[in-house]
Each structure stands twice: as structure tokens, then as C-alpha cells.
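Laboratory data are not the source of any read-out in this text; all were calculated from the coordinates shown. Nothing here was measured: the structure is a model prediction, and the numbers come from that model. Ideal geometry is used to build each Cβ from the backbone, glycine not excepted, and the neighbour counts take in all protein chains shown.
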Amino acid sequence: MSDPDLLFSFLTKLNALTGGVFLLVAFGLVAIRQMLTCLRLYVFQSLLLAISALMLGYHYGSIHLFVVAGLTIIAKVFIIPWLLRRTVGYESYAKREISQAINIPASLLIALAITIFAYFIANPMLTAAHAGIFARVNLPIGLACLILGAFTVTVRREAVPQLLGILAMENGAFFAGIAIAPTLPLFAELAAAFDVLIIALVMGLLTMKIHKTLGKTAVGELIALKEE
Amino acid sequence: MLSKFIFNLMQVIVVMACAPLIKGILNRLKENVQSKRGPSIFQPYRDIWKLFHKDEVVSEDSSWLFRATPYVVFVTPLFVTLLIPVLTDYPLFFAFMGDMLAGGFILALGGFFATLAAIDTGNPYGPMGASRTRMVGFLAEPVFMIVFFTVSFVAGSTIPYIVQKHWVTPLANFFDPAHVLTVLAFLMLIIAETGRIPVDNPSGHFELAMIDESKGLEYSGRGAALMKWGGAMKFFVLCCIFLNVLVAPWGLASGTAYWQVVLAAPLILIKIIILVLILVVIESSLAKLRLFRITEFLGAAFATSVAAMITGLFFM
């Protein structure tokens, strides 16, 4: 085996491994009880996204993907956790037990079904587009994480994990996007990164407000209107 | 042919001789982490020696099952040892008697007999521990099945000797997501199957909270020694399957010379000690889960194994 071939095979396997761990972290966001661990998992997922972008950028020789990696690290690994820690008070993070709408084993099983569903959607697309080996990994996993993020929003009853679910959806979309559109315009990336920051800020401030009024952030219990 | 037969017997002897040592090292390291001095690493040998020289008391109301179980528990890991790579990376005399599924079934047979024997005497704690072990067991079973199918699908075989070569030929296969995630799921499976924290506390002395240990409470003398020794060997064999078949085949003898095979014994011990260090870190940093949280732990293992299956299947 020649040298570029060897490098290529390592690159594909490492990218697939990143994808596998990415999926696992998405499962973790659905099922982990501790709020602080959820936040750390989100940071880890963003880091994995950046790593995958770096590998794909190296393979395609695309400067855009390096920019994506850089933006992801700056925005999602440093700024968003900092923002969320600042806006949402410490006592929300110190909580260990998060209540869930569905119990954890059941929600994990549903998450698995969602993943298989995502693969079934992605498969015809991949065959139709004659996708390369990177897209074969990134597109289904990105799609799965997109739906898993939405599932996280539905199944969680606390504000911060719901917010992390929305952010994880965005991560999933990017994870699929870097493989199918490696030369995305720089403008779109900047806009997306900025959008996410605004989402995090607004939701964080909202959560803080809820926490101030109610003394807790369990938004799942806010189902009846109340007059004051 | 004769040398292969001898090597096979050597594997059995290594497993028999070194299993209590690994148990001792694990206990010692755990105590050291808690800043205690801990028992000597040879303490399990002394325990087994002492128990062999004690009188055995058997309940009058128990049946032959109770008397036969220690021998079954003692012998089943040894049968598995004949099938799996412990010292060599090429098949030995008995290697084709069964594949990995057979190994799993033989180990399960020992667990089955231990469960029946625990119920046999009528001691209230025995059936409780037995039913809990069954609960953990049937939750762990789907994980084992998915791991097994993923591994055999990706490697194209169920013979452990072929599977272990697949992970490193070429070396890029080592980073296959199916491989890494399967390893992760199997590590969780080992923790559940051998009754370690966070599933069960192996050093606990509170009968109501026991899962695995309470099955052996009724045994004394030789029976207790065989149960203890068998448990240590089951742990050793599971570690061997994990390290030599699933993680990495490095350090196994590839030649047929006697010195190479003898040299492989300390290498496998070093590998297992590294695994034990990881287990000690896990055990010391986590708390024991409540009984009904075990489903969540094994649910996570199941999700991991299915993620391995999905990424492995569609990556092909």
C-alpha cells in the first residue's frame, strides 16, 4: 500500500470514529441526568465536529472547512459554555436529577429507533448522489443528530437541556453539511455561528428570567396559565 | 501437534495460577486508592488455601445441585480457556471445538448452575441475589448479542483467532468505529457481568444490597474455595477475551517455540494489570447504582453497541 493510500484509509476510519462518538454523545444528551455533564457533552460534541471538519478540510483541500473548525471551536467550545454559565445561575447546574417525560431506557430505545430511521432516509440520498466515503458517514449521522436534538427538546423538562438540544440540532446539521457541501460560502458559516450565539444568549437570559420568577427551570411544568 | 496440545494445557495452567493474583492486585489497588494499605496481593491464594483445609457444611435439605455447582463453576472458565487465545495468536489443539458464541454459552452455564444452587438451600438471601443476577443477566444479554453479531459481521468470522487479526490488518481497522464502540460496550458488559461498581459492590458485606456475592454465602470449605477460584478465573477469562480478541492482539506469541509461549504469559499479565488499573479508576470514581438504575447503565451499553452496529454496518 502506498503512502497516500495509507493516509486516506486512516483518515476515513478516524472520521468514521469521530462520527460514531458524535452519535454516542447525542445519545448522552438525550439520557444523561446531570446538567453540568450535559453541557460538557455538548462542548465535546462541538469539538468532535471541529475535528471532523479539520479532517475533511485536509482531504478536500478546502480552506472553508478549516474556517468552520475554527469558528466552531471559538463559538461553541469557549463562548457558548461561558455564556450559559454566566446567564443561567449556578444552582441550576448543581442539580443532579433532571426529570424526563419518558424514562431513560425507553427514551434511549426511541433514540436508537430514530438513528436507524435517519439511516433509512439518508441511504437513498447517498445512492442517488453517488456520495463519497466521507458523506456516507457524515450525512446519516448528522441527520440522526438533527432528529435526536429535536427529540431531546421534546423529552426534557428543564430549560438548559432543551437549549442544548436545539444547539445539538445545529451541530448535527453542520456535521452533515461539511461532508456534502465542503465549499460552503464563508458568509453562511459566519451567519450560522453568529446565529447560534444569539440563540444561546436569548435562551440563557430567558432561562434566567424563568429561574428568577419561579425559583426553578423545569419548564415542562409550565403548562397552565397563571394570573398575578 | 503435540506442542499445540501442550500449549493449550499451558493456557489452562496460566489461567488457574494467575487468576487469584489478578484478584489480589485489584483489591490491593482499590484499597490503595482509598489511602489504606490493603491486603497483600497474594491474599486470595491464602484464602483459597485456608478454605481447602476447612470442613465443609452442607445443608441437609439441599439437593445434588448444591454439591455439583462448585465443580461446574470451577470447570466452565477452564473450558472457555481452551477455545480462546490466551498465550498464542494461532489456533491451538481445541480451538475449533467452539467459537465465541460457545464460549459465551459455557460461561453462562456456570452462572446458571450458581443461580440454581443459590435457590436450592432455602437461605433467604440466596434467591434474592440469584434473581437480581438474572435481572442483570437478561439486561446484559442483548448487549452481548449485538456486540457478538457486530464483531462477527465486521470481521467476517466467529472464530476468535480470525477476529483478533482483523483489527490490525491493516492497522487503520483499529480505528474502525465498530471496533472502538464495541470495545466500550464490552467493557461495560464486563463490569456488569463480574459484579463490579457501578453495578454491584464486590467488597460489600451487606447481604440486602448484594447482587453477585450472595449466591455463594451458603458455601463453606472446599465448595467456597472452588466458587472463589472459579469466580476469579471467570474474571480472568473475560479479561482475556476482552484484551486479546476485542482490543488488541499485541503481546501474544506468534511463533511455535516454547520460550515464546512462556514469554507471552507475563505479557498477558501486564495487559490485564493495565485493564485492572482502568477498572480501579472507574470503581473509585463512581458510586454504586441503585438497583433500578442498573437498567439505565445497561441501556447505555446497549445504545453504545447499537451505535457500533449501525456505524459498522453502513460504513462497509
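If you bin the C-alpha pair distances of segment B:231-308 every 5 Å from 0, what whole percents do you get?
3, 12, 15, 19, 20, 13, 7, 6, 4, 2, 0
Can you compute the modelled spin-label distance between B:E60 and B:R46, with each label point 7 Å from Cα toward Cβ, in nm?
Inter-label distance under the simple model: 3.7 nm.
Over chain B, what relative contact order in percent results from Cα pairs under 8 Å that are six or more residues apart? Provide the component values of the computation, followed by the final result.
Numbers: 451 pairs, mean separation 90.8, N = 316.
About 29 percent, as a whole number.
Could you work out the percent of alpha carbon pairs in segment A:1-136 separated by over 17 Å, rounded to a whole number?
Working: 6421 of 9180 pairs.
The proportion of pairs with Cα distances above 17 Å equals 70 percent.
What percent do you get for the relative contact order of segment A:3-221 when only Cα pairs under 8 Å and 6+ apart count?
Relative contact order here is 27 percent.
How much length would be gained if the chain were fully extended between A:Q34 and A:L214, taking 0.36 nm per residue of separation minus their Cα-Cα distance, in nm to one decimal? Don't skip to the answer; put the middle values down first.
On the way: separation 180, 0.36 × 180 = 64.80 nm, distance 2.06 nm.
Length difference between fully extended and current span is 62.7 nm.
Using the basic label-point model (7 angstrom from Cα toward the beta carbon), what is the B:N32 to A:T183 distance in nanometres?
Computed distance between label sites B:N32 and A:T183 equals 5.9 nm.
³J(HN,Hα) across segment A:136-142 via Karplus (A = 6.51, B = -1.76, C = 1.60, θ = phi - 60°), whole Hz, x for Gly/Pro?
Computed from phi, the couplings for segment A:136-142 are 4, 8, 6, 5, x, 5, x Hz.
Would you mind calculating the relative contact order of segment A:17-122 from Cα pairs under 8 angstrom and at least 6 residues apart, reporting the percent as a whole number?
Working: 77 pairs, mean separation 35.7, N = 106.
After rounding, I find 34 percent.
For the protein assembly as shown, just say rounded, prolate or oblate: build the C-alpha gyration tensor, square-root its eigenvalues into a ≥ b ≥ c, call rounded for a/c under 1.5, and beyond that prolate if a/b exceeds b/c, oblate if not.
Judged from the Cα gyration tensor, the protein assembly as shown comes out oblate (a/c at least 1.5, b/c at or above a/b).
Once amide H atoms are placed 1.01 Å from N in the peptide plane, what residues at a sequence separation of 5 or more from B:I211, or on another chain, have their amide H within under 5 Å of its amide H?
Counting only residues 5 or more places away or on other chains, the set is B:N201.
So if each residue of separation counts as 0.36 nm, and I subtract the Cα-Cα distance between A:F8 and A:I199, what length gain in nm does that give? Intermediate values should be presented prior to the final figure.
Working: separation 191, 0.36 × 191 = 68.76 nm, distance 3.74 nm.
Stretched out fully, the A:F8 to A:I199 stretch lengthens by 65.0 nm.
Taking Cα atoms, how many degrees apart are the long axis of helix B:43-52 and the longest axis of chain B, rounded to 10 and kept between 0 and 90?
In chain B, helix B:43-52 runs at an angle near 50 degrees to the longest axis.
Classify segment B:1-135: rounded, prolate or oblate, from the alpha-carbon gyration tensor (a ≥ b ≥ c, eigenvalue square roots; a/c under 1.5 rounded; otherwise prolate if a/b is larger than b/c)? Let's see the in-between values first.
Numbers: a/c = 1.86, a/b = 1.21, b/c = 1.54.
Oblate, since a/c reaches 1.5 and b/c is not below a/b.
Compute the helix-to-body angle for A:104-129: its Cα long axis versus the longest principal axis of chain A, expressed 0 to 90° and rounded to tens.
Helix A:104-129 sits at roughly 30 degrees to that axis.
For a Förster distance of 60 Å, can you work out the FRET efficiency between the beta-carbons of B:I274 and A:H130, rounded to the nearest 0.05? Write down the numbers at each step before the final one.
On the way: r = 45 Å, r/R0 = 0.74.
For R0 = 60 Å, the calculated efficiency reads 0.85.
Report ³J(HN,Hα) in whole Hz for each residue of segment B:65-82, in order, from the Karplus equation J = 6.51 cos²θ - 1.76 cosθ + 1.60 where θ = phi - 60°; Gly and Pro get x.
4, 4, 6, 7, 4, x, 5, 5, 4, 6, 7, 4, x, 5, 4, 5, 4, 5
Taking a cut-off of 17 Å between Cα atoms, list the lysines near B:K30, but don't count ones fewer than 8 places away on the same chain.
B:K288
Name the long-range amide H neighbours of B:S220: under 5 Å, sequence gap of 5 or more, or other chain; modelled H, no Pro or chain starts.
Result for B:S220 returns B:V57.
Report, to one decimal in Å, the Kirkwood hydrodynamic radius for chain B based on all distinct Cα pairs. Walk me through the numbers before you get to the answer.
Details: mean 1/r = 0.0497 Å⁻¹.
With all distinct Cα pairs of chain B included, I get 20.1 Å.
With axes computed from alpha carbons, what is the tilt in degrees of helix A:159-180 against the longest principal axis of chain A, rounded to the nearest 10 within 0 to 90?
The angle comes out near 10 degrees.
Among all the aspartates and glutamates, which ones have a C-alpha under 18 Å from B:K54's C-alpha, if same-chain residues fewer than 8 places away are not counted?
Straight-distance partners of B:K54: B:E218.
What percent of all Cα-Cα pairs in segment B:199-241 falls into each 10 Å bin, going from 0 up to the bin containing the maximum distance?
Computed distribution, short to long bins: 26, 49, 24, 1.
Give the lysines reachable from B:K165 as a straight Cα distance under 18 Å; neighbours fewer than 8 places away on the same chain don't count.
A:K13, B:K271
Starting from the amide H of B:A253, placed 1.01 Å from N in the peptide plane, find each other amide H under 5 Å away whose residue is 5 or more places distant or on another chain.
For B:A253, whose amide H was placed from the backbone, the distant partners under 5 Å are B:T88, B:D89.
Output ³J(HN,Hα) for segment A:209-221: one whole-Hz value per residue in order, computed from phi by the Karplus curve 6.51 cos²θ - 1.76 cosθ + 1.60 with θ = phi - 60°, and x for Gly and Pro.
Running phi through 6.51 cos²θ - 1.76 cosθ + 1.60 with θ = phi - 60° gives 4, 4, 5, 5, 6, 9, x, 8, 10, 7, 5, x, 8 Hz.
Place +1 on the Cβ of every Lys and Arg and -1 on the Cβ of every Asp and Glu in segment B:160-297, take the dipole about the Cα centre, and give the residue among B:F206, B:L189, B:P249 whose Cα lies farthest towards its positive end.
B:P249
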